[in-house]
Amino acid sequence: MDQPQSYPYRSLTSPRAIRVIRLNPSPHISDPLSCKLVEISLDKPPKYEALSYTWGRGHDSLSVNDGESKSDIPITKSCHAALARLRRESKPRDIWVDAVCINQADLGERNSQVLMMGDIYKLAAQVVIWLGDADEESDLIFDIMKRMSKLWCFAFKAQRNIGHLDGNNKKMAKVVEGRVYLSFVPPISHFTF
């Protein structure tokens, strides 16, 4: 069986173009990750999410199949774990990940994409923050954060004497297989759990 080659990035077609990962679905977290890189425009972006994650140590790979060839992109183990957890069971998911969506070998592209990162995160339908897999310490921290949030909400309601919180106070914590990530809908005013 032939080994996949490293991914041959194609040049972006416009100054406001970015790539997103179209992450292929799988019902099993242990299945290999595979995706397609899709170019979109920030001028009229379709719905996509952005991933922010801890870099961590060690390397893994992401298989990219653009219909013509199969290639691998090296990613950190932390990025791999995040994508494996965020992958849907039955439908693709479009996610922007800096290490994959920016051609790291092209200094010009890398510099121009870094300048657009504010817009990339702002225009995302959701920003997912990967903190890593759960452990005993993270369980404790999330428990404390939930309790603090409940106290804050109670104090806020009492101070404002209102029956509900406004639209800016959306639930922002996602609990997936043991509290693995936070997400928010830009713009951020504050976190609630």
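Just so it is clear, none of the values below were taken in a lab; they were calculated from the coordinates. This is a predicted model, so every value here is computed, not measured. Positions of Cβ are backbone-derived with ideal geometry, glycine not excepted, and every protein chain shown enters the neighbour counts.
Please name which of Ile75, Pro27, Thr13 has its Cα lying farthest along the dipole of the stretch 5-130 towards the positive end, using unit charges on Cβ (Lys, Arg +1; Asp, Glu -1) and the Cα centre as origin.
Pro27
Using the Karplus curve 6.51 cos²θ - 1.76 cosθ + 1.60 with θ = phi - 60°, what ³J(HN,Hα) values do you get for each residue of the stretch 81-93, in whole Hz, with x for Gly and Pro?
Calculated HN-Hα couplings, in order: 5, 4, 5, 4, 6, 7, 4, 7, 6, 10, 9, x, 9 Hz.
Out of all Cα-Cα pairs in the stretch 5-130, roughly what percent, to the nearest whole number, are more than 25 Å apart?
Distances greater than 25 Å cover 18 percent of the Cα pairs.
May I ask for the net charge around Asp106, where only other residues with Cβ less than 15 Å from the Cβ of Asp106 are counted and Lys, Arg are +1 while Asp, Glu are -1?
0
So how compact is the stretch 35-102: Cα radius of gyration and Dmax in angstrom?
Taking only Cα atoms of the stretch 35-102, I get Rg and Dmax of 12.4, 36 Å.
I need Ile40, Ile129 ordered by Cβ neighbour count within 10 Å, fewest first.
Least to most surrounded, the residues fall as Ile129, Ile40.
Relative to the Cα centre, what is the charge dipole magnitude of the stretch 79-130, using +1 at the beta carbon of each Lys and Arg, -1 at the beta carbon of each Asp and Glu, and rounding to the nearest 20 debye? All intermediate terms of the calculation are to be shown ahead of the outcome.
Working: 7 positive and 6 negative charges, 65 e Å.
Dipole about the Cα centre, nearest 20: 320 debye.
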